[in-house]
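The values are calculated or read from the model by the stated rules, or taken from the named source; none is laboratory data. Note that the coordinates shown come from a computational prediction; the quantities given were computed from them, not determined experimentally. Neighbour counts are summed over all protein chains in view; Cβ atoms, including those assigned to glycine, are modelled from backbone coordinates with ideal geometry. Just so you know, the surface numbers come from the protein's heavy atoms only, side chains and all, with ligands and any DNA or RNA stripped out. Shrake-Rupley method; radii C 1.70, N 1.55, O 1.52, S 1.80 Å.
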Amino acid sequence: MADEPNHCGFSKMHVFSAVLLIAVVVLLAWSIGRSQAPQIIQVETGGGFQKDTVSVTGNAQLSVAPDEASVYVSVVADNGTAKEAQLNNRELSDAVMLSLKRMGLNSSDIETDSYSLTKLENYDPETNKYVERGYRLTNTLKVTTRKLATVGDIIDAAVGAGANGVDRVTFQLTKDSEKAVRAEAMVKAAQAA
């Protein structure tokens, strides 16, 4: 059966193609209009989805100068016995702490960071054995100050009183300053979001 024209002069195939084309155009227009309609935003939470919620992220970075320094000084005593090393080190450590307190530092600014006792030995190649030569006691004190300009004075006072090592000096923010800077960064991050 051939595709015969109808009373308007169109074949069935032409009519079918035109109807199909109109349907495609209508569906396309409907989908475009639908995509521009308001959408409900849902965010998954522990208890399911929460409607009408928007999540944003912001970053902020601040550079601030330190307002606190920690000076780590060591008092090392080598003696023949462990007890002698402890007594000698205690005497030297007490002198160092007294010198630091005379500078105006409080007892709360000075604390023991580490304390170690080590046996000292030398190797004797003739006997092929280690020979004990005494004990070393190392007491490292952490001295904290907010007066950054006094760091050199702290080192001088400690060494002058008997400290025989400076392990390190660190600079940081006090806990209160760190809390304030963190709060400021949070505000700036929220503004950037």
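Of note:
- Arg168 meets the stated requirement of being within 25 Å of Asp78 (Cβ to Cβ) and either of a type outside the set (Ser, Thr, Tyr) or at pLDDT below 95 (or both).
- Once the range 52-68 is narrowed to residues that are surrounded by fewer than 10 Cβ atoms within 10 Å (Cβ to Cβ) and among the hydroxyl-bearing types (Ser, Thr, Tyr), the residue that is modelled with the highest pLDDT is Ser63.
- Qualifying residue in the range 171-183 (condition: in a helix (DSSP H, G or I), more than 30 Å from Gln61 (Cβ to Cβ) and either open to solvent by 50 Å² or more (accessible area, probe 1.4 Å) or touching a strand residue (DSSP E or B) at 6+ places or on another chain (Cβ under 6 Å) (or both)): no
- On inspection, Thr145 passes the criterion of being under 14 Å from Val73 (Cα atoms), open to solvent by less than 80 Å² (accessible area, probe 1.4 Å), touching a residue at least 40 places away in the same chain (Cβ under 8 Å) and not basic (Lys, Arg).
- Filter result for Asn88 (surrounded by 14 or more Cβ atoms within 10 Å (Cβ to Cβ) and assigned to a strand (DSSP E or B)): no
- Filtering the range 102-127 to residues that are part of a loop (DSSP other than H, G, I, E, B), open to solvent by 70 Å² or more (accessible area, probe 1.4 Å) and closer than 18 Å to Tyr72 by Cβ leaves Met103, Asn106.
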